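Novice: I have a structure I would like to understand better, so I am pasting it below and will then ask my questions one at a time.
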Amino acid sequence: CFGSVEEIPEGYRDRAIHHHNPYNTNVRANAEECARIGKELARRVNGARGPVAVLFPLQGWSENTRPGQPLYDPASDAALVDAFMALRQPHVRVEFIDANLNDPPFVDHAVSLLQEMLARD
């Protein structure tokens with residue numbers, strides 16, 4: 001996420017870009033960067049001391065990453081998930097939700113799962 005389009009570093013200007021407003025421009029992370037994110041996410045959740053779950057939205061991580069939107073990139077999304085799954089420990093619950101992160105079914109499931117996990121303690 002950068003400010004105006006003019007503030008995007010030269011090395012990122014050939015990527016998928018969504019101009020949100022004059023002060024916010026989103027640039028898509030590539031597959032290599034997404035794999036690093038997946039590895040870091042796994043490292044962090046593997047160290048959780050309590051119940052832990054990761055929900056992956058299969059229809060995008062934001063409005064702009066939905067199928068057909070400017071930042072839609074299923075290969076980069078898959079790189080994140082694959083890297084995460086390769087390193088996650090068995091105690092980390094993983095669920096794949098066929099919805100966008102912002103869709104009511106995803107949100108409802110996340111809230112339900114959180115309530116379930118909180119009720120265990």
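The values are calculated or read from the model by the stated rules, or taken from the named source; none is laboratory data. On a predicted model such as this, the values are computed, not experimentally measured, just so you know. Because the Cβ atoms are built from the backbone with ideal geometry, glycine has one as well, and the counts that use them run over all protein chains shown. Ligands, DNA and RNA are excluded from the accessible area calculation, which covers all protein heavy atoms including side chains. Shrake-Rupley method; radii C 1.70, N 1.55, O 1.52, S 1.80 Å.
Novice: List pairs: first residue in segment 61-81 and surrounded by 14 or more Cβ atoms within 10 Å (Cβ to Cβ), second residue in a helix (DSSP H, G or I) and among the acidic types (Asp, Glu) anywhere in the structure, Cβ distance under 7 angstrom, at least six positions apart or on different chains.
Specialist: Gln69/Glu63
Novice: What tally of residues in segment 83-101 results from selecting those that are under 26 Å from Gly50 (Cα atoms) and surrounded by 14 or more Cβ atoms within 10 Å (Cβ to Cβ)?
Specialist: 10
Novice: Let me ask another. If you check every pair at least six apart or on different chains, which have Cβ atoms under 6 Å apart with a residue in segment 1-24 that is within 17 Å of Asp73 (Cβ to Cβ) and touching a residue at least 12 places away in the same chain (Cβ under 8 Å) first and a residue that is open to solvent by less than 100 Å² (accessible area, probe 1.4 Å) and part of a loop (DSSP other than H, G, I, E, B) second?
Specialist: Going by the 6 Å Cβ cut-off, the qualifying pairs are Arg15/Arg28; Ala16/Arg28; Ala16/Pro70; Ala16/Leu71; His18/Pro70; His18/Leu71.
Novice: Hey, another quick one. In segment 24-40, how many are basic (Lys, Arg) and either part of a helix (DSSP H, G or I) or under 10 Å from Ala83 (Cα atoms) (or both)?
Specialist: Kept after step one, since they are basic (Lys, Arg), are these residues of segment 24-40: 28, 36, 39.
Within this subset, residues satisfying the condition of being either part of a helix (DSSP H, G or I) or under 10 Å from Ala83 (Cα atoms) (or both) are 36, 39.
So the answer is 2.
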